[in-house]
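Comments concern the structure below.
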Amino acid sequence: HELQVHAGGIDLKFPHHTNEIAQAEAHRLNIGGGAASMSKKEWIPHWVHLGHLHISGRKMSKSLKNFITVRDMLKSGQTSCDGSGAFESPGDDFRLWCFGLSGSYRAPATYSEERLQEAKNIRQKLIRFLVDGEQWVRTSNSCNATDSKRWGDAEQKLFQSVQQCRLSMWSHLMGNDIDGSTDIRHREMNGGLALNELLSLVEMGTSYMQKEQQEKSAPNDKSNSYAIEPIQSAIFEIRQKLALVGFTEKTTCAGLVSTPFAVGLDGKNEALGDEIVRFRSLVRSIALNSSSNESLKMEILKECDTLRDVTLPAIGLEIFDSKTVNNQDDDASFTWRPIVPRKVQESDIVTSDSKKVGDSDEHNTKLDPESPVALDLLFRVGKFDGVFLDYDDTGMPTSMADGSPLSKSMLKKLKKRLLKHEKRILKKTGAAE
């Protein structure tokens, strides 16, 4: 075959492509003279017909002037001003949407910034696991280099999940049977199910690492650390499959030491990260312990919060206050870590030290007292919109937008906020009755 694949919109299948086949094969039939050419193969063996792309409820097309260019789409997806963040890739966000969130390639798909943001959040969750997983492996190797790590039920379960993910992913990528036919031509790739397999593996791997951290911090715990091989196997599988379906190194190589994030994971820039955290902690500590000039104290604490919650996340660095570490919180093993760069507005900051010295909770919640939102929507709307990724059945957040789990201190503050909001709703309901 001179051509292997011919693609086009679903509306071109008949009569346009049917006519194209007839004309092309009739032309080829006449080359070489009659019956001698009858034995030649068909013109093109594979045809791919794609569903239409919609935007705002209408088909995207040049004639309707409702299209968005690839250049504009990539630019709108940038977080940093120049798009140079090591984990930032609007192209990979779009790839994930096409692969697992847009439905079958045969069916119509709807483009919107909200759908791309959903894809970005899911890709961040995958990156978060790769980064945390590599860090966990390096820490485990350095702390227990000579320990003998025997596999138990947790290791066996995770390793078996990796094997099952490999088989299921291959099946979904090769295509699932449709119309009850066993003919390979009637098999269709299912990117949505393939993506679900990867996310399930991420959940299991994250749970494995968190359980190990909890057991290490338990009183009188003398057990060895968990084996690193199951996590390494999960990381390898995820990297391999993401590379297979076309993701760039900004996604597939996340967490590798040779791929530094925005402020750098190489030696001297890692020291720079440590120095930033040390200097902020020193300034913050001086302000907290100062009893003079209350207004200046509040201003300093506000700037410290802005650095922690807005400035540093935008360049890919998340830091934790010393009180969190001293309280043996979830993040007690480090005071900063690399994250996927994300935009955060100052008005979106959930908690702050400056609040403790004057700001009221009613002002920070930004809720309409005449119509308070429902409890299960409190952390999904308003200033919390886009801050969290996963929620439990009650609407309580379980992970940040980048897929990282909530710390104990953050969870405690959110629960207090939820309880206070519940009391406001009950008070309002009682007044109405």
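The values are calculated or read from the model by the stated rules, or taken from the named source; none is laboratory data. Source: prediction; values computed, not measured. No Cβ is skipped: glycine too gets one built from the backbone with ideal geometry, and neighbour counts run over all protein chains shown. Accessible surface is based on the protein model in full, side chains and every heavy atom, while ligands, DNA and RNA are left aside. Shrake-Rupley method; radii C 1.70, N 1.55, O 1.52, S 1.80 Å.
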J(HN,Hα) series, region 124-139, from Karplus relation 6.51 cos²θ - 1.76 cosθ + 1.60, nearest Hz, glycine and proline x: 4, 5, 5, 5, 4, 5, 5, 5, 5, x, 5, 5, 5, 5, 5, 5
Residue-wise HN-Hα coupling along region 238-243, computed from phi with Karplus coefficients 6.51, -1.76, 1.60 (Hz; x: Gly, Pro): 5, 4, 5, 6, 5, 5
Extension gain, residue 75 back to residue 10 (0.36 nm per residue minus Cα-Cα distance, nm): 20.5 nm
Neighbourhood charge, 13 Å Cβ-Cβ cut-off, centred on residue 394 and excluding it, Lys, Arg +1 and Asp, Glu -1: -3
Cα-Cα over 30 Å, subset of 297/416; 75/125; 125/408; 383/412; 120/428: 120/428
Heavy atoms of residue 424: accessible area, 1.4 Å probe, square angstrom to 10: 50
Theoretical FRET efficiency, 1/(1+(r/R0)^6), r = Cβ-Cβ of residue 106 and residue 271, R0 51 Å, to 0.05: 0.45
Amide proton proximity set for residue 55, modelled H, under 5 Å, gap of 5+: 60, 111
Amide H contacts under 5 Å for residue 50, placed H, 5+ residues apart: 8, 9, 10
